[in-house]
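Engineer: Handing you this structure, nothing more for now.
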Amino acid sequence: MNVLEVRDLATHFFTLDGVVRAVDGVSFRLARGETLGIVGESGCGKSVTALSILRLIPPETGRVVGGSVLLEGQDLVKLPESDMRAIRGHRISMIFQEPMTSLNPVLTIGTQIAENVVRHTGVSWSAALDRAREMLELVKIADPRRRLQEYPHQLSGGMRQRTMIAIALSCNPQVLIADEPTTALDVTIQAQILDLMLELKEKLGTAIIMITHDLGVIAETAQRVVVMYAGRKVEEASVDQLFAQPAHPYTRGLMRAIPRLDAEAEVAGRRPRLQEIPGIVPALNQPIAGCAFAPRCPFATGRCRAERPPLIETAAGHSVACWETARVLEAAA
């Protein structure tokens, strides 16, 4: 059963340079206890999609202009702000990209966790602090009673990220959105944080949306993947399908840019050079005719530049928005 369903979500920002179509008709679903990965380059609309789900787009500059976000059948787009405040941090929580800028520098760790518990559960402050200590224990922070009295600057990067996870999970949310949760961490701490999130998912049954540009993270944590480009979904598949047979040229480009350390990657005794995707993500304040990836695509034809390809299911559970899918798959064979 789906706990969250996003249908044709569109979010625009209104600037002096025109309307920026940051999210342009994105749809996906999230089942209970599932981890869904959303991948793509910077500027493809991943974080804006997450902020749109929680209605955190600054109203002075942007807004959700179309589509729906159904949380157990309830459309969050239509809810008044007072109702959304009751949902954020309770039924849906979010881990933001940089914990040092997301945590309040003048409040102790204990206060920041406890205030979320009090707001959404109505328990006493002492009970909320007990819950905060339990959450620090759950995310494996040593000496949690002492850490409750400390400030964010007194913690390491890994501990701050664990604190963010503790805050996000303090009210047992149904959905956890993790926006680049390991970007600012070194490789060892990254692995610990990912293992922790998977362990907590199994223990609490929380569904996770994992937003990242790192396909290695997706391979380790997700069951399904949505690939976004220029505010649109260009491919969706299970993790096994995506890595075995990427069907969109953009997905293939992302795959070929992954460093390989295995012996098969050796070519004449040397590591092969990583292949970059030429060009950049197009400006989203200009109309895009046809496929947004066409200017960077080695398979592009005249039709690609003139007509926007629809999202078509090429196999069970595998959808692609590309006119040249057959050629892409043939080239990969």
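Engineer: Quick check on my filter: what residues within region 185-233 are part of a helix (DSSP H, G or I), among the basic types (Lys, Arg) and in contact with a Ser or Thr (Cβ under 8 Å, 6 or more places away or on another chain)? Explain how you work it out, then say what you get.
Structural biologist: From region 185-233, those part of a helix (DSSP H, G or I) are 187-204, 215-221; that's our starting set.
If we keep only those that are among the basic types (Lys, Arg) too, we end up with 201, 203.
Of everything in region 185-233, just one residue is part of a helix (DSSP H, G or I), among the basic types (Lys, Arg) and in contact with a Ser or Thr (Cβ under 8 Å, 6 or more places away or on another chain), namely Lys201.
Engineer: Has region 91-105 got any residue that is over 23 Å from the mean Cα position of the chain (by Cα), touching a residue at least 40 places away in the same chain (Cβ under 8 Å) and open to solvent by 70 Å² or more (accessible area, probe 1.4 Å)?
Structural biologist: yes
Engineer: Also, quick follow-up: Condition check: open to solvent by less than 10 Å² (accessible area, probe 1.4 Å) and within 23 Å of Leu54 (Cα to Cα). Does Thr183 satisfy that?
Structural biologist: Numbers: open to solvent by less than 10 Å² (accessible area, probe 1.4 Å): no; within 23 Å of Leu54 (Cα to Cα): yes.
Here the answer is no, as Thr183 does not meet what is asked.
Engineer: What residue, of Ala191, Ala142, Ala132, Ala166, is surrounded by fewer than 17 Cβ atoms within 10 Å (Cβ to Cβ), farther than 29 Å from Gly43 by Cβ and out of contact with any Asp or Glu (no Cβ under 8 Å at 6 or more places or on another chain)?
Structural biologist: Details: Ala191 fails: farther than 29 Å from Gly43 by Cβ; Ala132 fails: surrounded by fewer than 17 Cβ atoms within 10 Å (Cβ to Cβ); Ala166 fails: surrounded by fewer than 17 Cβ atoms within 10 Å (Cβ to Cβ).
After applying the criteria, what remains is Ala142.
Engineer: Do any residues in region 318-331 that are open to solvent by 30 Å² or more (accessible area, probe 1.4 Å) have Cβ atoms under 6 Å from those of residues that are outside any loop (DSSP other than H, G, I, E, B) and at pLDDT 95 or above, where the two are at least six apart or on different chains, and which pairs are they?
Structural biologist: Listed pairs, sorted by first residue: Trp323/Arg303; Trp323/Cys304.
Engineer: Would you mind stating whether Leu36 is touching a residue at least 40 places away in the same chain (Cβ under 8 Å), out of contact with any Asp or Glu (no Cβ under 6 Å at 6 or more places or on another chain) and either of a type in the set (A, V, I, L, M, F, W, C) or crowded, with 21+ Cβ neighbours inside 10 Å (or both)? Full working, then the answer.
Structural biologist: On the way: touching a residue at least 40 places away in the same chain (Cβ under 8 Å): yes; out of contact with any Asp or Glu (no Cβ under 6 Å at 6 or more places or on another chain): yes; either of a type in the set (A, V, I, L, M, F, W, C) or crowded, with 21+ Cβ neighbours inside 10 Å (or both): yes.
So Leu36 fits the description; yes.
Engineer: Only residues that are assigned to a loop (DSSP other than H, G, I, E, B) and within 15 Å of Val20 (Cβ to Cβ): list them for region 60-79, please. Spell out the reasoning first.
Structural biologist: In the first step, residues of region 60-79 are kept if they are assigned to a loop (DSSP other than H, G, I, E, B); the result is 60-61, 72-73, 79.
Hits for region 60-79 are Glu60, Thr61.
Engineer: Moving on to the next point. Looking for something part of a strand (DSSP E or B) and open to solvent by less than 30 Å² (accessible area, probe 1.4 Å) - is there at least one such residue anywhere in region 40-55?
Structural biologist: Here is the first cut: in region 40-55, the ones part of a strand (DSSP E or B) are none.
Checking region 40-55: not a single residue is part of a strand (DSSP E or B) and open to solvent by less than 30 Å² (accessible area, probe 1.4 Å).
Engineer: Yes or no: Ser82 among the hydroxyl-bearing types (Ser, Thr, Tyr), outside any strand (DSSP E or B), open to solvent by less than 60 Å² (accessible area, probe 1.4 Å) and farther than 18 Å from Glu236 by Cβ?
Structural biologist: On the way: among the hydroxyl-bearing types (Ser, Thr, Tyr): yes; outside any strand (DSSP E or B): yes; open to solvent by less than 60 Å² (accessible area, probe 1.4 Å): no; farther than 18 Å from Glu236 by Cβ: yes.
Answer is no for this residue.
The values are calculated or read from the model by the stated rules, or taken from the named source; none is laboratory data. Quantities reported herein were computed from a predicted structural model and do not represent experimental measurements. Neighbour counts run over all protein chains shown; Cβ positions are idealised from the backbone, glycine included. Note: areas computed on protein heavy atoms with side chains; ligands, DNA, RNA excluded. Shrake-Rupley method; radii C 1.70, N 1.55, O 1.52, S 1.80 Å.
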